[in-house]
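**Q** I'd like to ask some things about the structure below.
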Amino acid sequence: MRVSDSVLLADRIAIIIRWLSLLGLMTIASRGGIVDPTLSTMFMIAGVWNTLLSLLTLFKRRLPLHRFITVGADLVIAAFLFLFSGNLEGPLLLAGVMPLSSAALYFELYGGLIQSALTILLFAFISFTGSDTASITSRIWIVGAIFLVAGAVIGFIARQFNYAIRHRRMLEYTKDQESRRKERERVRALYNITSTLNATLNYQRVLDLALDLSSNALADPNDIATLLVSAFYLYETDRLYVGSARRFTPADLRVSLQGTTGLIGEAINVGEARYAQDPSNDPELGRIIALRACNSYYCYPLRTGLDVFGVMVFGHPDPEYFSDTRREILSIIGRQAQVALQNASLYHELEEEKRRIIDMQGEEQKKLARDLHDGPTQSIAAIAMRVNFARRLMERDPKSAGDELYKIEDLARRTTKEIRHMLFTLRPLVLESSGLIVALESMAEKMNETYNQNVIIEADQAAVDQLEMGKQGVIFYIAEEAVNNARKHAEAEHIWVRVKTIADDIVILEIQDDGVGFNVGAVDAGYENRGSLGMVNMRERSELVSGILKLESAEGKGTRIRLWIPLTDDAVERIRHGVG
């Protein structure tokens, strides 16, 4: 059976003592001139037996009742050696030390004493059967006393030795238990850190929590992290600004860093945490007053892919404070803080998107109210006035009253078309049922019928087929907004709406007119003070499809609006870095 290392140590010592005893006895027998084949055979049997025990120890195994069997075997070997060497008068009397040594080693003091007594009795029995009792009695007491003293001494030494081993094992066990306890506490603390950081979607709350949790996670009985200096730096317009800090002075909170040199620059460039002792000459961290008293720094970059959006900086007066364990804890907190910041950022973007959608809906309602007020409402008021006028004419001039009724009918028809066109742009059901091209053609047809505006649709079906229905809806509303603006302000004879593919993963929407045009810079400068927010709506809608909207116009040269619509993530990156 397999055994522990501490038990095997006792077996190895017993084997070593046995080998030394056998070698010593063989040397004594040789010098004493004892030449006996039986004795040589016993030495060989003892050697084979000890070799087998050595092999068992080598493979970390033991016999059943190993201690009793080995002690008994040693006693048998000692008895035969004693028997064939001339009993008490022979030179191999010391063979009795071998079993009592094994017994003392395995069973300590009492084992040594008991085995000494057994050895004395066995040797005495052997001696009495082959010699004169009177001559042996006096000598057996002396031998017995020597054996008892040897057993007591060896047993006492074995007791102290085993006590030292047990004490060491207890210390190792206690240390192992303490290490396990600390590891469990560390895992629990890191789990709590993860849960706490991921439980909030507030950007500033994440920054504050990350620094507070770092101090708590690094604290120990001798250091409550009161001397730890920490800060969160975030990028803003290509510079690092303090997002949150602990033990920074008011002046330190106002300091911005470039993040290109020193420990911070190295961490950001490499994309990995960096640690330094006594960085007194650091060109950037040296500007922070709170860090000047620190003799060790640790810097962890907040990086996702190729994008670096900040860095965590820690400092402490102790040069050896940031051990491997502490650096690992800070790295875990940094990674969790990075995930939490991304979640908070996504949540903030969703909230902003929701706000933009609500604002767009509000603007659409205002636009509809203005259009109704400027169009159908005025027409209906005019119809009511003309009907009243026609009613009075019928009494004086029936023929003129008839002509007036024809005009009223024509006005009512045009008003009906205008309302239908508004309803169409408000909810183009044909877009959902027949797709973008049919919806654009229907819009062009209604523009011609209602306002006598010539709108030309040039759409590539293959390009439209690559667009999902949500993107088709956004494109339709942008096109309708641009066409309506051109109809109202451009005085254009023709308006072109084009949808085509300019790359395998990019579709472009283009609205162009041959109207009067305008000065783009002058209009943009005062756009927020104007009542209409048409261009703002188009730009916000273009963000819904990750697109880029570009306006080109000049006085007397018409206007062209282009929207690049990416179909893949790679296309998004390409159009962000340049459109043309």
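**Q** Out of the residues in the range 241-264 that are under 27 Å from the mean Cα position of the chain (by Cα) and in a helix (DSSP H, G or I), which is farthest from L209 (Cα to Cα)?
**A** G262
**Q** Given the conditions (1) in contact with a helix residue (DSSP H, G or I) (Cβ under 8 Å, 6 or more places away or on another chain); (2) at pLDDT 80 or above, which single one is not true for F68?
**A** (1)
**Q** Quick one: how many residues across the range 538-570 are more than 18 Å from V483 (Cβ to Cβ) and of a type in the set (A, V, I, L, M)?
**A** Total meeting the criteria: 5.
**Q** Considering only residues that are acidic (D, E) and modelled with pLDDT of 80 or more, which ones fall in the range 421-452?
**A** Residues satisfying the conditions are E441, E445, E449.
**Q** Right, another one. Restricting to the range 266-276, name every residue that is surrounded by fewer than 20 Cβ atoms within 10 Å (Cβ to Cβ) and either under 17 Å from Y241 (Cβ atoms) or out of contact with any helix residue (DSSP H, G or I) (no Cβ under 7 Å at 6 or more places or on another chain) (or both).
**A** Within the range 266-276, E266, N269, V270, G271, E272 meet the criteria.
**Q** So, in the range 26-65, exactly how many residues are exposed (fewer than 14 other Cβ atoms within 10 Å of the Cβ) and either over 60 Å from the mean Cα position of the chain (by Cα) or farther than 20 Å from I16 by Cβ (or both)?
**A** 14
**Q** A follow-up question, please. Can you find a residue that is assigned to a helix (DSSP H, G or I), under 29 Å from the mean Cα position of the chain (by Cα), in the same structural domain as R326 (by TED's automatic domain parsing) and without any contact (Cβ under 8 Å) to a residue 60 or more places away in the chain anywhere in the range 289-298? Write out each step before concluding.
**A** So in the range 289-298, the residues assigned to a helix (DSSP H, G or I) come out as 289-291.
Remaining after also requiring under 29 Å from the mean Cα position of the chain (by Cα): 291.
Okay, now just the ones that are also in the same structural domain as R326 (by TED's automatic domain parsing), so 291.
Those still in the list that are without any contact (Cβ under 8 Å) to a residue 60 or more places away in the chain too: none.
No, the range 289-298 contains no residue that is assigned to a helix (DSSP H, G or I), under 29 Å from the mean Cα position of the chain (by Cα), in the same structural domain as R326 (by TED's automatic domain parsing) and without any contact (Cβ under 8 Å) to a residue 60 or more places away in the chain.
**Q** So, one more: Condition first: outside any helix (DSSP H, G or I) and either at pLDDT below 80 or of a type outside the set (A, V, I, L, M, F, W, C) (or both). Can you find one or more residues in the range 174-181 that meet it?
**A** No - not one qualifying residue is present in the range 174-181.
**Q** Among (1) closer than 30 Å to T119 by Cβ; (2) at pLDDT 75 or above, there is one condition S214 misses while meeting the rest; what is its number?
**A** For S214, the exception is condition (1).
**Q** So, one more: Run Q336 past the list (1) touching a strand residue (DSSP E or B) at 6+ places or on another chain (Cβ under 9 Å); (2) crowded, with 19+ Cβ neighbours inside 10 Å and report the number of the one that doesn't hold.
**A** So Q336 meets the others, but not (1).
**Q** Just checking, which of V497, V483 is in contact (Cβ under 8 Å) with a residue 24 or more places away in the chain, in a strand (DSSP E or B), in the same structural domain as R539 (by TED's automatic domain parsing) and within 26 Å of A554 (Cβ to Cβ)?
**A** Checking each option against the conditions leaves just V497.
The values are calculated or read from the model by the stated rules, or taken from the named source; none is laboratory data. A quick note: this is a predicted structure, and the numbers were derived from the prediction, not measured. Glycine also receives a Cβ, built like all others from the backbone with ideal geometry; neighbour counts cover every protein chain displayed.
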